1. Among the residues of the stretch B:448-502, write down those that are polar (S, T, N, Q), assigned to a helix (DSSP H, G or I) and surrounded by 15 or more Cβ atoms within 10 Å (Cβ to Cβ).
2. Any residue that is of a type in the set (A, V, I, L, M, F, W, C) and either closer than 22 Å to B:Ala230 by Cα or at pLDDT below 90 (or both) - is there at least one of those in the stretch B:327-350?
3. Sort out which residues of the stretch B:412-447 are in contact (Cβ under 8 Å) with a residue 60 or more places away in the chain and either surrounded by 22 or more Cβ atoms within 10 Å (Cβ to Cβ) or over 19 Å from B:Gly368 (Cβ atoms) (or both), and write them in order of number.
4. So which pairs qualify, if the first residue must be in the stretch A:87-109 and without any contact (Cβ under 8 Å) to a residue 24 or more places away in the chain, the second must be of a type in the set (A, V, I, L, M, F, W, C) and part of a helix (DSSP H, G or I), the Cβ gap must be under 6 Å, and the two must be at least 6 apart or on different chains?
5. Step by step: first the residues of the stretch B:156-200, then only those that are assigned to a loop (DSSP other than H, G, I, E, B) and away from chain A (no Cβ under 11 Å), then the one that is modelled with the lowest pLDDT. Which residue is that?
6. Just to confirm my filter: which helices (runs of 4 or more DSSP H) fall fully inside the stretch B:1-92 and include at least 3 residues that are touching a residue at least 12 places away in the same chain (Cβ under 8 Å) and of a type outside the set (A, V, I, L, M)?
7. Would you be able to say whether some residue in the stretch B:261-277 is out of contact with any helix residue (DSSP H, G or I) (no Cβ under 9 Å at 6 or more places or on another chain) and among the β-branched types (Val, Ile, Thr)?
Amino acid sequence: MNAMQFAAGSALAAWAGMAALCFQSSSQRHRMGLREQTRGQQQRFIAAGSALLAISLAAAIAADGVSFGIVLWLCQAGILGAALICWLPYSMTGVVTSARCAAATAPLLLAAGNWW
Amino acid sequence: MKSGLRHSMDYLHTWAGVLFSVLLFLVFFMGTLSVFDREIDRWMMPDTRVPQPEAVSFDRIALPHLRQLAPDSRQWLVQYPSPRDPVMRVGWNDGKEFKTRQVDVNTGRLLPEAGSKGGTGFFFPFHYSFHIKWNDVGYWLLAIVSIAMLILLVSGVIIHKKIFADFFTFRPGKSTQRATLDVHNVSSVLLLPFHFIITLSGLIIFVFIYMKPGISLMYGSEAGKVSQEAFGQVIRAPAKQAGELASVDAMVAQAQALWGSGGVRRVSVRNPQDRNATVEIQRRPHDQVAYETHTVTFDGATGAVLHRQNVSAAMTVQRFFSGLHMIPFDHWWLRWMYFAMGLVSCVMIGTGLLLWVEKRRVRQEKEGRISYRIVNAVAAAGCMGTLVATLSMLVANKLLPAGLPGRAALEQWIFFAVWLGALIHPLARTWQPPHCTDTRIAWREQAWAGALLAVLAVAMNAVVTGDHLLRTLDRGTLAVAGTDLVLLVAAAFAAITARRLSARPAAISPEATSMMKAAA
């Protein structure tokens, strides 16, 4: 198991998870000029965001152990969430693209970390 | 009932915030700097920029210096080098105060007096005691401020009507007041676990100080015994017969064998010249969150194990929270996270103060009241002024000649003098027509001063020590390179802030007017 790859995977999953939770917010979508979501779509975004954050927590624990993993995850989710929300008004495309890339890369990194 | 509670909490949040924000900002800002206190030491004390030693010997390196510097001292303390601190610190109590010197372990050379308190001697104690030592007043002030912080956190959650909806809201394009409120909300809600845990753990660390009245009641004149019992210390009275210290290196090897893994954090020798000498060896808690040092105590004369520390369950909890707060472990990513979160906390406190001012500016101006101007001046001095004073201290560290008597104290006084100046400046601006209603002038000017001082500090470090950024990066002196880089980033942020404050006129926005009417 490669701890570095797990830690990086955890950070990327947290970024993507916070982005998914951010984009389910109807007031945020309204501000960004995105179309309204149906209730089902919104629930799917919440589920995806929560799942990604859960994966991020699991990866952080796998990388650093239970105590360090939980502390790291709490700090990481908060800081990355704050950075994402502050970046969003300046570049929605940047946030969306980076979140998609993070969501795609995180599982690859975690799989690679598990392999090596 | 609910709205009544919310209204009361709103009142509490507003006024507790105004009363305690400057002190809270100080605690959080100094705490944020203390995350990298050892690295700041390297930057402020160029003589300590030595390579990491490969092996450390107490008998060969520390003992000769201690025998020469403090032959009659009743206690010697030796801090071993660590990945963040390549020098060995030897310390002793001379009966009046605790003194320390630094030793380059590679050469065994006693380094000259640092001439600076550095991060560990100035910023870190400022964080937990405000440098007020008399009767533990600083610690008690910290307790009051911490409790105020907990009250602010709880009341802030209660008054936030749409906490989840506002979770993701940041509208920099809206009015200053709206954007400030958004930043205040985002920084407080997203890092709520951090704010809560760091404040609570800060209180738990000093439990022995805050419990002093209770301890005195229980232990009477033997109050000192409580820490011996809690930490499992063995303290023997001196036999008053001369004794020879056995090999401390052998004791260190024995302690390491008992631990299984890990290096030494600190060696403490009590009654070093006496037959009843004891040697306490602490493990460096580099691989765990809890600040557990697994101390092993030896008989100084024979080298036999006297005691292995076994802390109680209550103390295990205290040690865990201490570790969570003080980051004794080797985890660079987490250390940087703490640093970033500390800065976000400072932003939260600063924006809270700005909100108070911005909310009252229009109304008070119409009513001919000026209390908002005074709060604004205090807020500018408390937030931007603290940054300017810190940077002035760093510049003074490079400008004051080495070997100047009282150099370390002078550096400290420069900090306080600039800080006082940073309070006088916005107060003077407040009564200077025609701009007295523009609350941003003092902030903008101090932001420019901060940007210039940060660049000057980096330049002075390069000129005076020769360790410019390219060289430190090339040699891998990351403590110095990192401090320089953070200073440059701080300069950039300060300049951007100053420019933004220049760009936007402080006109009364229609939104603010409507909010004011609604409030009325």
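The values are calculated or read from the model by the stated rules, or taken from the named source; none is laboratory data. Please read all numbers here as calculations on a predicted model, not as lab measurements. Quick reminder, even Gly has a Cβ in these numbers, built from the backbone with ideal geometry, and neighbours come from all protein chains shown.
1. B:Asn461, B:Thr465, B:Thr472, B:Thr483, B:Thr497
2. yes
3. Passing the criteria: B:Gln412, B:Phe415, B:Thr439, B:Arg440, B:Ala442, B:Trp443, B:Gln446, B:Ala447.
4. Listed by first residue and then by second, the contacts come to A:Trp87/A:Val95.
5. Among residues in the stretch B:156-200 that are assigned to a loop (DSSP other than H, G, I, E, B) and away from chain A (no Cβ under 11 Å), the one modelled with the lowest pLDDT is B:Ile163.
6. B:2-34, B:37-44
7. No, there is no match, as no residue in the stretch B:261-277 is out of contact with any helix residue (DSSP H, G or I) (no Cβ under 9 Å at 6 or more places or on another chain) and among the β-branched types (Val, Ile, Thr).
Residue-wise test of (1) over 21 Å from B:Val27 (Cβ atoms); (2) surrounded by fewer than 16 Cβ atoms within 10 Å (Cβ to Cβ); (3) in contact (Cβ under 8 Å) with a residue 40 or more places away in the chain.
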residue	(1), (2), (3)
B:Ser175	yes, no, yes
B:Asp182	yes, no, no
B:Leu191	no, no, yes
B:His195	no, no, yes
B:Ile198	no, no, yes
B:Ile205	no, no, yes
B:Gly214	yes, yes, no
